[in-house]
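S.K.: Before we start, here is the structure in question, set down as structure tokens.
The values are calculated or read from the model by the stated rules, or taken from the named source; none is laboratory data. Just so it is clear, the model here is predicted, and its values are computed rather than measured. Quick reminder, even Gly has a Cβ in these numbers, built from the backbone with ideal geometry, and neighbours come from all protein chains shown.
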Amino acid sequence: MSYQFSVERELTDYRNFKAIPASGALGAYIEDINLNDLSDDAFVELKEAFLEFKVLFFRDQPMTEEQHVAFARRWGMPQGPGAVPQVEGYPQIKDQQFDELSSIGSDVNYHSDDTFRDYPSKLSILRALATPPGAGNTIWCDMEKAYDALSQPLKDMIDGLDCVHDLDKTFGKVILEGAGAKGWEDMMKRNPPATHPVAPVHAETGRKCIYPSKLTGKYITQLSDEESQWLLDFLMQHSYRPEFEVRMGWEKDTIAMWDNRCLQHRGINDFSPAFRHMQRVAIIDELRPDRHPETQKPLAFDPTLDYVPVADLYSPENKPEMTYGKRTTDEVTDDKVVVKDNGEDDNTPVDQKFWDKINSTREGVTFTSGAAASVKKIPGMFRGMALKSIFKEAKAQGKTQIDVAVLQAVNEQRQAG
């Protein structure tokens, strides 16, 4: 007996560009389009494709920082500076550089951007400036398809549950090891946890998804610790399957934009110590993840602003002094410090292997052992941008050896700026 399988897929025929499916689950490569010269009619169609495919890929789209911001602004209001370093002069753009002295960090865990805030990112627009050949891919997972694949009794159960999203879940240990207890407390008072439904409804499509992620989904409020851990482990194992995913290989001037309301993604760290440079703009969501988004009052902000400060992406009750466990934090402060004063002087000892590595950078400068010891304490995912500021300051001072004074000057400038 022979069987015939239909592989036909109904796709929208767009007038202004071609949309080529990137996998059976989600994603499309958009061709015959120039994002720097996009008509209003083409933009309307692009929004339709975005809701259809959930993540869009564009090849050969060179952009300046100004053009990146202008394109992003058509989609909504950019998020302001936060934990990720920004491009100088463009506080809306998050700058992500990785090399032999830095690492991709916790982003190797599946996540949606900024779910530890009450108002997470609606969508993200990421462009590649420099990529290692064939390496450093990104995977996106369709959490709506993951939800749809659950049995009805399990859907009924999780529809009424809520999950606490906490940056401390996977990032806290890195901060404790690099910056100590004070650094951890600083991180938590700038980024307090947020609580969202386990299965919120997409405000534009009405579809439900599985929202907790491996990166930030810490516990389900209505369950015991044991039950919560079991259910989160099951949902993660169920969701992160190849049939719900698409994987994209980066090239210079590639742009990806995705819907954080229904997708999760992760980076593949198979490129270290090669150089990888990406820039991302996050567009805020005016609505909190909710079971009934139609009943929500949108977040109020001044539409003439260049961006919304991250401190404004919390509900009023979550903004003030926050108690976390047995630690009580003070008022929320700006997240501008790259290099903290850890009490080192220029003779503070440092691991010789790291000292040798940092003294062999392409910049042609050396570090005192104390300066190297301070840099080593910066979490790997932030170290690349911190070093960029340090090298710039050393050049301004005419120094070929970087000492603790250079690091202090960088710190003072960022605190003032």
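S.K.: Which one of the conditions (1) of a type outside the set (Ser, Thr, Tyr); (2) in a helix (DSSP H, G or I); (3) modelled with pLDDT under 70 does Ala373 fail to meet, given that it meets all the rest?
M.R.: (3)
S.K.: Which of the residues spanning segment 205-221 are more than 16 Å from Asp166 (Cα to Cα) and surrounded by 13 or more Cβ atoms within 10 Å (Cβ to Cβ)?
M.R.: If the condition is that a residue be more than 16 Å from Asp166 (Cα to Cα) and surrounded by 13 or more Cβ atoms within 10 Å (Cβ to Cβ), then Thr205, Arg207, Lys208, Cys209, Ile210 are the ones that fit.
S.K.: On to the next question. Given the structure, is Gly82 closer than 22 Å to Cys262 by Cα and in a loop (DSSP other than H, G, I, E, B)?
M.R.: no
S.K.: Follow-up question, since we're still on this one. Please determine, by comparing only the residues of segment 146-168 that are surrounded by fewer than 20 Cβ atoms within 10 Å (Cβ to Cβ), of a type outside the set (D, E, K, R) and part of a loop (DSSP other than H, G, I, E, B), which one is farthest from the chain's Cα centre (by Cα).
M.R.: It comes out as Ser151.
S.K.: State which residue is farthest from the chain's Cα centre (by Cα) when the search covers only segment 66-110 and only residues that are among the small types (Gly, Ala, Ser) and modelled with pLDDT under 90.
M.R.: So, considering only residues that are among the small types (Gly, Ala, Ser) and modelled with pLDDT under 90, the one farthest from the chain's Cα centre (by Cα) is Ser102.
S.K.: Would you say Arg9 is modelled with pLDDT under 95, among the basic types (Lys, Arg) and surrounded by fewer than 18 Cβ atoms within 10 Å (Cβ to Cβ)?
M.R.: Taking the combined requirement at face value, the residue satisfies it.
S.K.: Within segment 257-316, how many residues turn out to be loosely packed, with under 14 Cβ neighbours inside 10 Å, touching a strand residue (DSSP E or B) at 6+ places or on another chain (Cβ under 9 Å) and not in a loop (DSSP other than H, G, I, E, B)?
M.R.: Of the residues in segment 257-316, 1 are loosely packed, with under 14 Cβ neighbours inside 10 Å, touching a strand residue (DSSP E or B) at 6+ places or on another chain (Cβ under 9 Å) and not in a loop (DSSP other than H, G, I, E, B).
S.K.: Tell me whether segment 28-50 contains one or more residues that are at positive phi and either without any contact (Cβ under 8 Å) to a residue 60 or more places away in the chain or of a type in the set (Asp, Glu) (or both).
M.R.: Yes, segment 28-50 contains at least one residue that is at positive phi and either without any contact (Cβ under 8 Å) to a residue 60 or more places away in the chain or of a type in the set (Asp, Glu) (or both).
S.K.: Could you check, for segment 221-241, whether at least one of its residues is within 22 Å of the chain's Cα centre (by Cα) and closer than 24 Å to Trp75 by Cβ?
M.R.: No - not one qualifying residue is present in segment 221-241.
S.K.: Moving to a separate point now. Give just the number: which of (1) in contact with a strand residue (DSSP E or B) (Cβ under 6 Å, 6 or more places away or on another chain); (2) of a type in the set (A, V, I, L, M); (3) closer than 30 Å to Gly89 by Cβ does Leu232 not satisfy?
M.R.: The one condition Leu232 does not meet is (3).
S.K.: Among the residues of segment 355-370, write down those that are surrounded by 16 or more Cβ atoms within 10 Å (Cβ to Cβ) and in a helix (DSSP H, G or I).
M.R.: Across segment 355-370, the qualifying residues are Trp355, Ile358, Ser369, Gly370.
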